Amino acid sequence: MTHYEHIVIGGGAMGSAAAWQLARRGREVLLLERFDQVHLHGASHGASRNFNIAYEEPDYLRLVAEAGGLWRELEAETDTHVLDMVGLVNHGAGEIEGHDQLLHQYGFAATTLTPDEAAERWPGIRFDTRVTYTPDGGRLNPDLAIPALQRAAARHDAELRHQTAVRGIEVLADGTVAVHTDDETLTADSAVVTLGAWSRKLLEGIVELPPLVVTQEQPAHFALASGGDGLDAETAALWPGFNHLRAAGDARTDWWYSDVYGMLTPGEGIKAGWHGTGPVVDPDHRSYEPEPVQLAALQRYVREYLPGADADSLVPVSCTYTTTPDEDFVIDRRGPIVVGAGFSGHGFKFVPAVGRLLAELATEADARAVSRFSLARFGL
Ligand SMILES: Cc1cc2nc3c(=O)[nH]c(=O)nc-3n(C[C@H](O)[C@H](O)[C@H](O)COP(=O)(O)OP(=O)(O)OC[C@H]3O[C@@H](n4cnc5c(N)ncnc54)[C@H](O)[C@@H]3O)c2cc1C
């Protein structure tokens, strides 16, 4: 049986980052991914994700600040550009007062604008509340970032195997891990398990997890009302990433399914989506088709709040969320098994920093989970 120091199971965003972070520490790493390097079956495909730094929780504010630096390191290491600083606006009745002050405390630039000031700058978005704007927000491109992470890992001698499904793992009496694929059994000092929507399927009976709800999410790309593909700098300047936050009990937004997020995806249009409201699915038996009632409500949202987008010209996207009860991540270790799961629809921005946390848990005996991300918070 071939033995490795570390086997990373699941080559999506988090697994690719863990492989990079382990390999750049000089560790022996094997990454196993059941599909191709870039595929449409998980949570990490497409050309856009919000690098939204406008969090309220110190754990996330620190982690996103670290991630920003690590994305730049990855870009330098691989000569790839994955993060565009297009800025970000938070607005709506649910946006907190003085959010800009909080962001300043963590070293981010931010200002508060009136709805009119914001409408003048970004006429494609309708604002009816004060707006928190930060130029330190951006847009990430997963379809470039995943290959870059894996390329960087391979540069540090990580071994990558795609089209290789793991069928089972077990902890052996000597404290190492056996990893079973269709063709062979491998062993390792540690297994880093980053399986997204499939986490429960492989960890059942090995690591006790909190309830993880897998949903099929359905944002869509809407054509620019002005026509064009949004690849030009002029259009790009008009579209920061956006979060429209509703307030509980606000009758004006009671038809909304959730808060709305979005951004310009160059070449594809304006992406807009509900957050964590898709049908609960088995990741191996999905329709990849949008649920029509939610989609119609999203079109209504675009008609009312995104005048710069054409609500009737759209291309739906299908993707999975794996959501924990508190929407915080699970980044923890049990024996030789390190788990990264439950990224609850907001993990991409943090990817390289999550990779660092997973690598530390796999390589440092005294490393401990951040309590917000620990299994212990669920009494597990
Ligand atoms: C529509 C949508 C919009 C989003 N928008 C944002 C955003 O704007 N900002 C943000 O920060 N985050 C966003 N996210 C969240 C972010 O994309 C996810 O948190 C992140 O991609 C999760 O990565 P992952 O590695 O956990 O999951 P995945 O990428 O799904 O990785 C799991 C991998 O495991 C592999 N696998 C499964 N079973 C096996 C097996 N048996 N053997 C081997 N491999 C296996 C799968 O093929 C897959 O590649 C969004 C997510 C979605 C779906």
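Values computed for the structure shown
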| quantity | calculated |
| --- | --- |
| Gyration tensor verdict on the chain (Cα atoms; rounded if a/c is under 1.5, prolate if a/b is larger than b/c, oblate otherwise) | prolate |
| Shape metrics for the range 313-380, restricted to C-alpha atoms - Rg then Dmax, Å | 14.0, 54 |
| Separation between Cα centres of the range 5-60 and the range 66-104, rounded to whole Å | 18 Å |
| Rounded accessible area per residue of the chain, 1.4 Å, Å² | 39 Å² |
| Helix-only [θ]222 nm of the chain, DSSP H runs n ≥ 4, -39500 (n - 2.57) each, per residue, nearest 500 | -7500 deg cm²/dmol |
| Charge context of residue 299, other residues only, Cβ under 11 angstrom, K/R +1, D/E -1 | -1 |
| Rg ratio (alpha-carbon, reference 2.2 N^0.38 Å) - the range 138-210 | 1.31 |
| Shape category assigned to the range 73-130 from the gyration tensor of Cα positions, a/c cut at 1.5 | oblate |
| Rel. contact order, % - alpha carbon contacts under 8 angstrom, at least six apart, the range 145-233 | 15 percent |
| Pairwise centroid distance, computed over Cα atoms, of the range 127-142 with the range 169-190, Å | 44 Å |
| The range 203-351: C-alpha gyration tensor shape, a/c 1.5 cut-off, then a/b vs b/c | prolate |
| Residue 252 accessible area, assembled protein chains, probe 1.4 Å, Å² | 140 Å² |
| Rounded percent of accessible protein surface that carbon and sulfur make up, the chain, 1.4 Å probe | 51 percent |
| The range 230-264 and the range 307-380: distance between their alpha carbon centers, rounded to Å | 23 Å |
| Area of residue 195 that stays accessible when all protein chains are in place (1.4 Å probe, Å², to 10) | 30 Å² |
| Normalised contact order of the chain, rounded percent, pairs of Cα under 8 Å and 6 or more residues apart | 24 percent |
| Rounded to 10°, Cα long-axis angle of helix 142-155 versus longest principal axis of the chain | 30 degrees |
| Sparsely packed GluC sites (Glu not before Pro) within the range 63-151, loop by DSSP, other Cβ within 10 Å at most 16 | 97 |
| Largest-first principal axis extents of the Cα set of the range 106-261 (Å) | 66, 41, 35 |
| DSSP-loop trypsin sites (Lys or Arg not before Pro) across the range 40-141, with at most 16 other Cβ within 10 angstrom | 126 |
| Cα-based helix-to-principal-axis angle, 58-78 vs the chain, degrees rounded to 10 | 80 degrees |
| Nearest-ten-degree value, helix 351-363 long axis tilted from longest Cα axis of the chain | 20 degrees |
| With all protein chains modelled, accessible area of residue 100 [1.4 Å, Å²] | 20 Å² |
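The values are calculated or read from the model by the stated rules, or taken from the named source; none is laboratory data. Keep in mind that this is a model prediction, so the values were computed, not measured. All Cβ positions, glycine included, derive from the backbone under ideal geometry; neighbour counts span all protein chains shown. Just so you know, the surface numbers come from the protein's heavy atoms only, side chains and all, with ligands and any DNA or RNA stripped out. Shrake-Rupley method; radii C 1.70, N 1.55, O 1.52, S 1.80 Å.
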